[in-house]
Amino acid sequence: MPNRSTRRKNAARRRAKNKQRSRQMNRTIRPIGHIHTLFPEKFGLPRQSSLKEELLGALTLDGEYARAEALHGIEDFSHLWLIWDFSEAHTDSWSPTVRPPRLGGNRRVGVFASRSPYRPNSLGLSCVRLLRVCGGGECDEPRCPLFSSGHCTSRALTLLVSGIDMTDGTPIYDIKPYIPISDCRPEASEGYTAQTKLHRLRVCIPPEARAQIPDGYIDGLTAALEDDPRPGYRHADDGRIFRLVYGRLDLPFTVSGDTLTVGTDIRPADISPANDDKM
C-alpha cells in the first residue's frame, strides 16, 4: 500500500495533469497571416485545392510571424499544406451530417466523412504549389491578387502560391511542407467522391466581354468557370443568368449545354469595407 509521501506525489501529478489538460482544452490559436485571392465570395471557388493551378493566392505573414528566418528552407519544397479558418462558415452549433453539393444536395454523409466548411472547429486544409517568396513589393506577377497598375501593392513578407480554394482575406493558422514520401497515397480509396461528376464546360468570352477583363484575369477566370461553379442541383437551369465576382469585376454568365458564355454586362464589384468585414 502506498505510503503518505507516495500518495502526495501521485496527487500532485494528477493535479498537474488536470491543469495541463485544462490549458490544452482552452488553448486559443491565432492566425499567422492571411491569404489574398481574387474571390471575395465563395461562389466560383474550386471545390478542392490544387485543382486549378491558374488560380493564385498571396499569403502575407502578420506581425511577429513576418520574419524571414521563419521561412528559411521553405523554397526547397514545391508544395505546402495550409491550415486555415473557414471564416465565412462560423456558426454557434454544428450538425453531425451534411449534404455535399456534388451529390446534388440530396444525400447526407457524416461531417467527418466530408470536407464541408460547417464543422465543429471550422478548420480547412489545402495543398498548394509554392511559386515564390517575396517581400518589399518586388513581385512582378500580373496574376498575383496583390498586383495592380503595374506593381505589387504590398510590401509584406509574402508567399505566392497556386491552386488555391480560399476566399480573399482567409486567416491562415499554419504552413507545413508537403512531403511526397509520407503525404502521397496513390492506393487511397475515393469513397463517395468516386460517384461525383466533373462538369467541364467550354468557356466562351465574346470580344465585347473580353475587352472589359484585365489580361491578368483571363486564365484564372476561365479555369474557375470551366468546372461549372453552379451548385449541382442548378445544373438544369440552362439559360439562367448567374453572376460571379472575380477580383474587382462582377461578371454575368449563362450555360447552355456544355458551353458557358460570359455576358457583356460586366460591372465593378461591390468590395466596400462592409463586405470586406465578412471575409
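Please treat every number below as a calculation from the coordinates, not as lab data. Values in this document were obtained by computation on a predicted structure and should not be read as measured data. Glycine also receives a Cβ, built like all others from the backbone with ideal geometry; neighbour counts cover every protein chain displayed.
Separation between the T222 and R14 pseudo-spin-labels, each 7 Å from Cα along Cα→Cβ, expressed in nm?
Here the modelled spin labels are 6.9 nm apart.
Please work out whether region 109-265 counts as rounded, prolate or oblate from its C-alpha gyration tensor, where a ≥ b ≥ c are the square roots of the eigenvalues and a/c under 1.5 means rounded, while otherwise a/b larger than b/c means prolate and anything else oblate?
oblate
Tell me which label goes with the value of Kirkwood radius over Cα pairs in Å computed from the coordinates here: (i) 18.7; (ii) 21.3; (iii) 18.2.
Correct label is (ii).
Mind checking the full-extension length gain between H151 and A113? Use 0.36 nm per residue of separation minus the Cα-Cα distance, one decimal, nm.
Result for the pair: 9.4 nm of gain on full extension.
Return the loop-located GluC sites (Glu not before Pro) in region 157-227 (DSSP other than H, G, I, E, B) with at most 15 other Cβ atoms within 10 Å of their own Cβ; answer none if there are none.
E187, E190
Going by a ≥ b ≥ c, the root eigenvalues of the Cα gyration tensor, does region 140-225 fall in the rounded group (a/c under 1.5), the prolate group (a/b larger than b/c) or the oblate group?
In terms of gyration-tensor shape, oblate.
Can you give the extra length, in nm with one decimal, that the chain gains between E138 and Q195 once fully stretched, where that is 0.36 nm per residue apart less the Cα-Cα distance?
So the chain would gain 16.0 nm between E138 and Q195.
Using r as the Cβ-Cβ distance of L123 and T6, and R0 as 45 Å, what FRET efficiency do you calculate, to the nearest 0.05?
It comes to 0.60.
Given R₀ = 22 Å, FRET efficiency for D238-R210 by Cβ-Cβ distance, to 0.05?
0.45
Does anyone have the angle between helix 4-25 and the longest principal axis of the chain? Alpha-carbon axes, 0 to 90°, nearest 10?
10
Would you mind pulling out the separation of the Cα centroids of region 91-155 and region 55-90, in Å?
12
Rounded to the nearest 0.05, what FRET efficiency do R99 and E53 give with R0 = 30 Å and r taken as the Cβ-Cβ distance? Could you check?
0.55
Taking only Cα atoms and a 10 Å spring cutoff, compute GNM fluctuations for the chain and point out the largest among A66, A11, A89.
So, out of A66, A11, A89, the one fluctuating most is A11.
What angle do you read, to the nearest 10 degrees and between 0 and 90, between the alpha-carbon axis of helix 215-226 and the longest principal axis of the chain?
Helix 215-226 and the main axis of the chain meet at about 80 degrees.
Which of the chymotrypsin sites (Phe, Trp or Tyr not before Pro) found in region 122-198 are in a DSSP loop and have at most 13 neighbouring Cβ atoms, other than their own, within 10 Å?
none
Using the number of other C-beta atoms within 10 angstrom as an exposure proxy, rank W81, W94 with the fewest first.
Listing W81, W94 from fewest to most nearby Cβ atoms yields W94, W81.
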